[in-house]
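K.L.:
Can you keep this structure in mind? I'll have questions shortly.
The values are calculated or read from the model by the stated rules, or taken from the named source; none is laboratory data. Values in this document were obtained by computation on a predicted structure and should not be read as measured data. Positions of Cβ are generated from backbone atoms using ideal geometry, with glycine treated the same way; all protein chains shown enter the neighbour counts.
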Amino acid sequence: MSLKNSFLMVLIFSFSTFIFFNCAGTKGDEPPDFYGDDNQQDDLDDIEALLGITSSDETSEPVETQNTRGEQLNLLEGNEVLAQEPEEEVTPAEKQALENQITQLEDQLRQKNVEISNLKADLQSKDALIDDLSSRPTSSTSSQSYASTSTSMGTSDYEMRYQEGRNAFEGKNYEAAIQYFESLLSMSTTHSLADNAQYWIGESHYALKKYDAAIIDFEKVLTFPKSNKNVDAQFKLGMCYLKKGNSAKAAEEFQRLNADYPGNRFEQRVNQILSGL
């Protein structure tokens, strides 16, 4: 046993003997006041310090301190994760490419909407023509007289009936004009005036503001080979769509007129209309 340890044992024994005799000298009804005496507590602290004994209160950290350190560690770990995984930044070139792609998609969408509008307009034109044809009387005396003479009508009669139709149109009797010209077409579609008769049917419907029916009439004119009314019919197609409020389709028809018939007599007027659309 070393000298230091022997000294400590003697010191502990002496202190224990001192406490024992003090306790024996107190009254039996009064508990020994170990913790009331500050000197005794100091002695105990000195002995524990010599023996290398530390109080649990001194060695243990407060719970709040432990929690604070834990939070700091968590924050540090979180910062390390953020440092390891940086956010990807979009470069200006990538951003511009995305914007260009969006613009292209919007243009394609607008083009599709225009095509859908044109298809709807064509469908409405066909429906209007069907309704118009179904609503026409089939037993009128005038139509019966035209039908009865159509089979036996010669070239001179065809021309005379054509002129009667023109006179009815000029007199703004558009319904009668339509009947005259339709009777001519029912007799022959190969006569030299057949395409003209078809054109004036379209003009009569246009004058009556039946633009859907007129569109179909003018399109039929364009089916006649080498017709002298192709330019007029193409121009009237654009006007029909313009009257219907379909500017996109009107512009398409006017542009087709200038492309298919360069230098036509409507070119200056068409260019003025196109500049205003």
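The rows are residues; the columns are (1) among the small types (Gly, Ala, Ser); (2) closer than 20 Å to residue 213 by Cβ.
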site	(1), (2)
233	yes, yes
237	no, yes
241	no, yes
244	no, yes
249	no, yes
259	yes, no
262	no, no
269	no, no
275	yes, no
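K.L.:
Tell me which of these residue 231 doesn't satisfy, since it passes every other one: (1) within 51 Å of the chain's Cα centre (by Cα); (2) over 17 Å from residue 260 (Cβ atoms).
P.N.:
(2)
K.L.:
Of (1) touching a Lys or Arg at 6+ places or on another chain (Cβ under 6 Å); (2) surrounded by fewer than 17 Cβ atoms within 10 Å (Cβ to Cβ), residue 192 satisfies all except one. Which?
P.N.:
(1)
K.L.:
Can you name the number of the only condition in (1) modelled with pLDDT of 95 or more; (2) more than 16 Å from residue 238 (Cβ to Cβ); (3) out of contact with any Ser or Thr (no Cβ under 8 Å at 6 or more places or on another chain) that residue 190 fails?
P.N.:
Checking residue 190 against (1) modelled with pLDDT of 95 or more; (2) more than 16 Å from residue 238 (Cβ to Cβ); (3) out of contact with any Ser or Thr (no Cβ under 8 Å at 6 or more places or on another chain), the one that fails is (1).
K.L.:
Sort out which residues of the stretch 259-269 are assigned to a helix (DSSP H, G or I) and farther than 12 Å from residue 232 by Cα, and write them in order of number.
P.N.:
First pass over the stretch 259-269, keeping only residues assigned to a helix (DSSP H, G or I): 259-260, 267-269.
Answer for the stretch 259-269, where residues must be assigned to a helix (DSSP H, G or I) and farther than 12 Å from residue 232 by Cα: 259, 260, 268, 269.
K.L.:
All but one of (1) closer than 19 Å to residue 166 by Cα; (2) surrounded by fewer than 21 Cβ atoms within 10 Å (Cβ to Cβ) hold for residue 218; which doesn't?
P.N.:
Just one mismatch for residue 218, condition (2).
K.L.:
For residue 165, are the conditions met, namely being in a helix (DSSP H, G or I), closer than 27 Å to residue 250 by Cα and touching a Phe, Trp or Tyr at 6+ places or on another chain (Cβ under 6 Å)? Quick ask: steps written out before the conclusion?
P.N.:
Working: in a helix (DSSP H, G or I): yes; closer than 27 Å to residue 250 by Cα: no; touching a Phe, Trp or Tyr at 6+ places or on another chain (Cβ under 6 Å): yes.
It is false that residue 165 is in a helix (DSSP H, G or I), closer than 27 Å to residue 250 by Cα and touching a Phe, Trp or Tyr at 6+ places or on another chain (Cβ under 6 Å).
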